[in-house]
Amino acid sequence: MRFRFGLLILVVLAITSYSCKERGGKNISQGEIHYTIEYVGKFGPLPEEFRPKNLIVSFKKDKILYEMLSPIGNSGVINLANPGKDIYDTYISLFTIRYFYDSERDEVQPGFEAMAGMEINKTSKTAVICGFNCKNAEITFPQDRNKRFSIWYTDEIDIKNPNITNPYQEIDGVLMSFLFIMGGSELHFTAETVYKKEISDRMFERREKFKRVSKEDINKFIIKMINL
């Protein structure tokens, strides 16, 4: 009986360590973070297997790139920040549509209007995610201040201003478990792997063959994509 119980613990520990990996050590200044995506709320008729399954964040010092792409047709949303070249772009690809909007540095990025009025309350809770010591914060929204969401972040990954293009700018760390609200839908992200690797500066250049559109138009396309 004791042997079976001990074996069960070992299996659980093996599954837990496999589900979230850190490859490269702490305080890395360039690499990738891979997140799983959970969709909560009302979405359109598009089957779940066709929706983006992962968010990949590539970073190098103060440059950061978010890519959330569908397995079909390379459709999805890309968010790019390259402060040295004053680039704060949002790109959207949907079948033959290829649009982008170039934001100002302190501007609310497209797609995040539903998170306006978010309040962040840092707590004393701690956790370890992918081998990184993480701090906790609770967030609420104006429509229901009694409903609290928990997010986790770490200061052990060396990215300068890691949240410069998302609604969590006052969080002084890299997000490891968090959510975005887009339209009436929730997208929950959890880090599953952190890689230390060399990232080419070309990753953070402005994309070609995208047509510039207004913020209003790209917002419409982002919500349309989320609700397919």
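GLU156: assigned to a loop (DSSP other than H, G, I, E, B), at pLDDT 95 or above and more than 25 Å from ILE87 (Cβ to Cβ), yes or no? Outline the logic, then answer.
Details: assigned to a loop (DSSP other than H, G, I, E, B): yes; at pLDDT 95 or above: yes; more than 25 Å from ILE87 (Cβ to Cβ): yes.
So GLU156 passes the test.
If the requirement is being under 18 Å from the mean Cα position of the chain (by Cα) and under 21 Å from LYS224 (Cβ atoms), which of these qualifies: GLU170, GLU186, GLU192? Criteria check complete, one pass: GLU186.
Per the listing ILE151, ILE223, the residue uniquely over 15 Å from the mean Cα position of the chain (by Cα) and closer than 27 Å to ARG51 by Cβ is ILE223. Name the residue that is modelled with the highest pLDDT, counting only residues in segment 86-112 that are surrounded by fewer than 16 Cβ atoms within 10 Å (Cβ to Cβ) and closer than 11 Å to PRO167 by Cα. Once the filter is applied, the top-ranked residue is GLU107. Do you know which of the residues in segment 182-208 that are over 21 Å from TYR99 (Cα atoms) and of a type in the set (A, V, I, L, M, F, W, C) is modelled with the lowest pLDDT? The qualifying residue modelled with the lowest pLDDT is LEU187.
If you go through segment 118-133 one residue at a time, do you hit one that is farther than 20 Å from ILE37 by Cα, in contact with a Pro (Cβ under 7 Å, 6 or more places away or on another chain) and at pLDDT 95 or above? Checked segment 118-133: at least one residue is farther than 20 Å from ILE37 by Cα, in contact with a Pro (Cβ under 7 Å, 6 or more places away or on another chain) and at pLDDT 95 or above.
Selection of segment 137-167 for residues being buried (at least 22 other Cβ atoms within 10 Å of the Cβ), among the hydroxyl-bearing types (Ser, Thr, Tyr) and closer than 20 Å to THR36 by Cβ yields TYR153, THR154.
For segment 188-208, the condition holds for no residue, the condition being that it is at positive phi, surrounded by fewer than 19 Cβ atoms within 10 Å (Cβ to Cβ) and assigned to a loop (DSSP other than H, G, I, E, B).
Entry remark, segment 55-107: residues being outside any strand (DSSP E or B) and at positive phi number 5 in total.
Being at pLDDT below 95, over 15 Å from ILE222 (Cα atoms), surrounded by fewer than 18 Cβ atoms within 10 Å (Cβ to Cβ) and not basic (Lys, Arg) is a property that PRO71 has. Under the condition of being surrounded by fewer than 17 Cβ atoms within 10 Å (Cβ to Cβ) and either within 30 Å of LYS209 (Cα to Cα) or touching an Asp or Glu at 6+ places or on another chain (Cβ under 7 Å) (or both), the residues counted in segment 113-136 number 6.
Any residue that is surrounded by fewer than 16 Cβ atoms within 10 Å (Cβ to Cβ), at pLDDT below 90 and within 16 Å of the chain's Cα centre (by Cα) - is there at least one of those in segment 7-14? The answer is no, given that none of the residues of segment 7-14 is surrounded by fewer than 16 Cβ atoms within 10 Å (Cβ to Cβ), at pLDDT below 90 and within 16 Å of the chain's Cα centre (by Cα). Inspection of segment 134-151 identifies no residue that is within 15 Å of ALA81 (Cβ to Cβ) and hydrophobic (A, V, I, L, M, F, W, C).
Pairs meeting the criteria (first residue in segment 52-78 and of a type in the set (Val, Ile, Thr), second residue not in a strand (DSSP E or B), beta carbons under 6 Å, at least 6 apart or on different chains) are ILE72/PHE50.
Based on what the data block shows, is ASN219 assigned to a loop (DSSP other than H, G, I, E, B), modelled with pLDDT under 95 and either surrounded by fewer than 16 Cβ atoms within 10 Å (Cβ to Cβ) or out of contact with any helix residue (DSSP H, G or I) (no Cβ under 6 Å at 6 or more places or on another chain) (or both)? No: the conditions fail for ASN219.
The values are calculated or read from the model by the stated rules, or taken from the named source; none is laboratory data. All figures in this text were calculated on a predicted structure; none of them were measured in a lab. Please note: Cβ atoms are built from the backbone with ideal geometry, for glycine as well, and neighbour counts cover all protein chains shown.
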